[in-house]
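Q: Below is the structure I would like to discuss, written out as structure tokens.
Every read-out reported here was derived from the displayed coordinates using simple, explicitly stated rules and does not represent laboratory data. Predicted model, so just to flag it, every value in this text is computed and none were measured. Don't worry about glycine lacking a Cβ; one is built from the backbone with ideal geometry, like all the others, and counts go over all protein chains shown.
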Amino acid sequence: MNYLDKKGNEIFISTGLGSEYGTFRKSKNNGLHRVKSPAMPMVSSREAAQKNLDLWAQKNKLKSIN
């Protein structure tokens, strides 16, 4: 599930430089940036990354977009 942050940027799960998964945002000009937060570290599975994102989004009252 993806979310919109308070600035209107899409936040989603993707692989980083290795085989780990993390949370990223796409800016309005299509730039890709890692969302760095202690609540959302790089992890070894997509499921764990999604769980971290879902909890963070719920805490910050972000709107899901899919």
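Q: How charged is the neighbourhood of LEU17? Take every other residue with its Cβ under 15 Å from the Cβ of LEU17, and add Lys/Arg as +1 and Asp/Glu as -1.
A: After counting each charged neighbour, the total is +1.
Q: Run through the chain and list the trypsin sites (Lys or Arg not before Pro) located in a DSSP loop whose Cβ has at most 14 other Cβ atoms within 10 Å.
A: LYS6, LYS7, LYS28, LYS36, LYS61
Q: Could you give the spread of the C-alpha atoms of the chain along their three principal axes, from largest to smallest, in whole angstroms?
A: Result, largest extent first: 28, 26, 22 Å.
Q: Within the chain, count lysine pairs with alpha carbon atoms under 20 angstrom apart where the residues are 8 or more positions apart or belong to different chains.
A: Lysine pairs satisfying the spacing and distance rule in the chain number 26.
Q: Sticking with this one: As a test of the formula, what do you get for the chain when each DSSP H run with n ≥ 4 contributes -39,500 (n - 2.57) and the sum is divided by the residue count, at 222 nm and rounded to the nearest 500 deg cm²/dmol?
A: -7000 deg cm²/dmol
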